[in-house]
Amino acid sequence: MSAKLKVATRYLFREQLKYLGLVYFYVIASLAVIPFLFALFTGTLNHLSFGHLFVFNFSFIFGLFAFIWMTFSYDNFKLFIQNGISRKTFWLARLLSLLMVSLIGELLATIYYFAVSNPIQHWHFAQGFNHQFYAQLYGTHFGSGTMPNLIAGFILTWLLFVALGLSGMALGSIFSLLTKTVRRVVLIAIPILGGFFLVFLMNVSSPGSATDAHTKAIFEFLYWLMGGSNHDSAGSLNPIMPALTLIVIGILMAAIAYYFNRKLKLKNA
């Protein structure tokens with residue numbers, strides 16, 4: 001690893017950790033302050049409980065953070081280019097920092113879940129694992145032992161975080177090339193098109209619709225990507241298939257980010 005790559009990776013890694021800490025702080029503060037204010041104004045302070053602070057999903061928060069944070073490309077690009085760091089080094093440093101921060105994010109979420117949330121809800125280790133979303137889909141694929149399935153779930157979630165971050169990285173690289181006017185149009189158009197797409201899916205997936213057979217085929221394909229087959233039941237799906245899918249998505253998003261990252265230019269204003 002070159003000296004410039006080390007410096008860039010260390011800077012991005014520390015920056016991500018700092019903002020991740022701020023995000024966790026503000027989320028926890030909001031979860032404490034908002035219920036308190038609501039109870040204060042409604043006169044229900046006697047019934048106020050902060051139990052929800054200890055059982056909320058850290059993984060969900062980190063997934064959002066990884067995607068949103070990685071969409072911000074230009075400011076760090078400008079900083080690094082002005083200090084003699086190439087576009088390729090910038091791209092690689094972002095990739096390496098994402099891999100490390102995602103690993104730390106999932107490690108913190110796992111520790112918090114089993115060390116804090118589990119005892120509060122009076123679950124033992126295996127019970128806590130069985131209540132996870134991963135366990136409900138894939139929890140018995142590697143046998144009845146909790147630890148092998150827990151490790152597999154950890155890896156799969158980490159790959160999900162990386163894929164989300166790389167997707168944000170790809171979108172951020174594309175957005176950085178657009179003018180402000182085009183970015184605003186795209187940001188307005190995406191939710192609208194997304195709403196129409198959801199309505200379309202609801203219509204075509206309704207029983208008896210003209211495209212019902214096609215929709216069924218699509219859902220079967222998605223189920224296969226999730227690791228399911230006609231012989232699998234909930235809890236025994238194969239997590240290797242979604243892991244491979246996430247790796248392919250990650251590689252594709254990283255390639256897209258690299259391609260558009262090479263086209264980034266410093267702006268006058």
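Numerical summary
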| item | result |
| --- | --- |
| Unit charges at the beta carbon, dipole of the chain: most positive-side option, Met169, Phe90, Tyr223 | Phe90 |
| For the chain, accessible area per residue (1.4 Å probe, heavy atoms of protein chains only), Å² | 61 |
| Accessible-area composition of the chain, carbon plus sulfur, in percent [1.4 Å probe] | 72 |
| Equivalent ellipsoid semi-axes, the chain, via Cα gyration tensor eigenvalues times 5, rooted, Å | 33, 28, 23 |
| Residue of Ile68, Ile249, Ile188 that the Gaussian network model of the chain assigns the largest fluctuation, springs spanning Cα pairs under 10 Å | Ile188 |
| Long pairs among Lys18/Lys263; Lys18/Lys180; Lys18/Lys78, criterion Cα-Cα beyond 23 Å | Lys18/Lys263; Lys18/Lys180 |
| The chain: DSSP helices with Cα axial extent of at least 24 Å and average Kyte-Doolittle hydropathy no lower than -1.0 | 3-42, 87-112, 146-176, 180-204, 240-261 |
| Calculated [θ] (222 nm, deg cm²/dmol) that DSSP helices of n ≥ 4 give over the chain, each run adding -39,500 (n - 2.57) | -24500 deg cm²/dmol |
| Approximate spin-label separation Arg183-Lys78, in nm, with each point projected 7 Å along Cα-to-Cβ | 1.0 |
| Using a Förster distance of 22 Å, the FRET efficiency for Lys88-Leu193 (Cβ separation, nearest 0.05) | 0.10 |
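The values are calculated or read from the model by the stated rules, or taken from the named source; none is laboratory data. On a predicted model such as this, the values are computed, not experimentally measured, just so you know. Neighbour counts run over all protein chains shown; Cβ positions are idealised from the backbone, glycine included. Quick note on the areas: whole protein, heavy atoms, side chains included, nothing else; ligands and nucleic acids left out. Shrake-Rupley method; radii C 1.70, N 1.55, O 1.52, S 1.80 Å.
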